[in-house]
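The values are calculated or read from the model by the stated rules, or taken from the named source; none is laboratory data. Note that the structure is predicted; figures quoted are calculated from it, not measured. Every residue, glycine among them, receives a Cβ derived from its backbone with ideal geometry; neighbour counts consider all protein chains shown.
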Amino acid sequence: MSEDRSTNGHKTWLDKLVQAFVHEPKNRQELLELLREAHANEVLDIEALSIIEGALQVSDMQVRDIMIPRSQMITIKSSQTPREFLPDVIEAAHSRFPVIGDSVDDVLGVLLAKDLLPLLLQDNTDRFNIKEILRPATCVPESKRLNVLLKEFRATRNHMAIVIDEYGGVSGLVTIEDLLEQIVGDIEDEHDVDEDSHIKPLPSGDFLVKGLTPIEDFNEHFDTEFSDEEFDTVGGLVMNAFGHLPKRNEVAELEGFRVRVLNADSRRVHLLRVTLAKS
């Protein structure tokens, strides 16, 4: 004789999920309420709920909401030699860089960092012509929906797009990582700091510092005396120095330190690159 699971209280996760969707949602708000109820009933964990909410939110967002602004773009001029632009490429540690002509509005193409590897085997780089290794640049309007852009990225296998304003000028750029972070949250890469540490030294002499690093720990590590009366974390201290919530690649000077934002979202600063000022 089979037992009635509903009476003995032993329900599988599938039973719970099916029960959660007995009443079909009529709109997105009802769907979100059902999903949050499923989380409350331990059918969905918080990570799954966050991803689903992020995916639903993407269809309401436009490129202008997440793009890296024009003023913060790291670009390479086509007239620069490898000796001139390689330090910026190494410091930024990005995989792709817009290459420009006379101005930022004149984007000639995209340089993949990996395409510079053959330079290591060349004793003489005088004949190097950056235009010969450029990839075509993809341009998108500020108003493009993120879900549409994601579909295009997948279809074309592009990872970066130049954002164009209504007058045809460059207003910024957007990467597939920026887009995916809206869905799954902060994406860690090889530059991120381990969970059990807040400050990570780099071979260059710089430091990766988490935004949540307590100011007390920062002071102890760098032998500084920043006050923690108004802010508890380095992220709060940096936001105060900027006067606003900074975006990726914004730079500020902070009492003997050069601070560049490596990762931030609409709520807080996640990761910083800290350079000691030269005495």
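Please go through (1) loosely packed, with under 14 Cβ neighbours inside 10 Å; (2) modelled with pLDDT of 80 or more; (3) not charged (D, E, K, R) for Ile46 and return the number of the only condition it doesn't satisfy.
(2)
Being surrounded by fewer than 15 Cβ atoms within 10 Å (Cβ to Cβ), within 30 Å of His39 (Cα to Cα) and not assigned by TED's automatic domain parsing to the domain that holds Gly205: is that true of Lys114 here?
On the way: surrounded by fewer than 15 Cβ atoms within 10 Å (Cβ to Cβ): yes; within 30 Å of His39 (Cα to Cα): no; not assigned by TED's automatic domain parsing to the domain that holds Gly205: yes.
No.
State which residue pairs qualify: first residue in the same structural domain as Thr75 (by TED's automatic domain parsing) and in contact (Cβ under 8 Å) with a residue 12 or more places away in the chain and inside region 136-160, second residue of a type in the set (S, T, N, Q) and in a helix (DSSP H, G or I) in any location, beta carbons under 8 Å apart, and separation of 6 or more residues or different chains.
What qualifies is Thr138/Thr156; Leu146/Gln182.
Residues to consider are Gln80, Gln182; find the one that is outside any loop (DSSP other than H, G, I, E, B) and in contact (Cβ under 8 Å) with a residue 40 or more places away in the chain. Write out each step before concluding.
Working: Gln80 fails: outside any loop (DSSP other than H, G, I, E, B).
Within the list Gln80, Gln182, the selection yields Gln182.
For residues in region 225-242 being more than 7 Å from Ile215 (Cβ to Cβ) and aliphatic (A, V, I, L, M), which is farthest from the chain's Cα centre (by Cα)?
Taking region 225-242 first, the residues more than 7 Å from Ile215 (Cβ to Cβ) are 225, 227, 229-230, 235-236, 238-242.
Checking which are aliphatic (A, V, I, L, M) leaves us with 238-239, 241.
On the way: Val238: 18, Met239: 17, Ala241: 21 Å.
Restricting to residues being more than 7 Å from Ile215 (Cβ to Cβ) and aliphatic (A, V, I, L, M), the top hit is Ala241.
Which of the residues spanning region 92-111 are more than 25 Å from Val261 (Cβ to Cβ) and either free of Cβ contacts under 8 Å to residues at least 12 places away in the same chain or outside the structural domain of Thr75 (by TED's automatic domain parsing) (or both)?
At the first step, the residues of region 92-111 found to be more than 25 Å from Val261 (Cβ to Cβ) are 101-102, 106, 108-109.
Residues satisfying the conditions are Asp102, Asp106.
Checking the structure you have, find out if any residue of region 96-116 is outside any helix (DSSP H, G or I), at pLDDT below 90 and not polar (S, T, N, Q). Steps first, answer last, please.
Filtering region 96-116 down to residues outside any helix (DSSP H, G or I) leaves 96-112.
Subset that is at pLDDT below 90: none.
The answer is no; no qualifying residue exists.
Identify the single condition in (1) modelled with pLDDT of 90 or more; (2) surrounded by 16 or more Cβ atoms within 10 Å (Cβ to Cβ); (3) not polar (S, T, N, Q) that Arg145 does not satisfy, given that it satisfies every other one.
(2)
Hey, could you check region 81-111 for residues that are surrounded by fewer than 14 Cβ atoms within 10 Å (Cβ to Cβ) and over 26 Å from Pro246 (Cβ atoms) and say which is nearest to the chain's Cα centre (by Cα)?
Asp106
Suppose we keep only residues that are under 14 Å from Val110 (Cα atoms) and β-branched (Val, Ile, Thr) within region 148-169. Which one would you say is surrounded by the most Cβ atoms within 10 Å (Cβ to Cβ)?
Val163
Would you call Thr75 hydroxyl-bearing (Ser, Thr, Tyr), in contact with a Pro (Cβ under 7 Å, 6 or more places away or on another chain), buried (at least 16 other Cβ atoms within 10 Å of the Cβ) and modelled with pLDDT of 90 or more?
Details: hydroxyl-bearing (Ser, Thr, Tyr): yes; in contact with a Pro (Cβ under 7 Å, 6 or more places away or on another chain): yes; buried (at least 16 other Cβ atoms within 10 Å of the Cβ): yes; modelled with pLDDT of 90 or more: yes.
Spelling it out, Thr75 is indeed hydroxyl-bearing (Ser, Thr, Tyr), in contact with a Pro (Cβ under 7 Å, 6 or more places away or on another chain), buried (at least 16 other Cβ atoms within 10 Å of the Cβ) and modelled with pLDDT of 90 or more.
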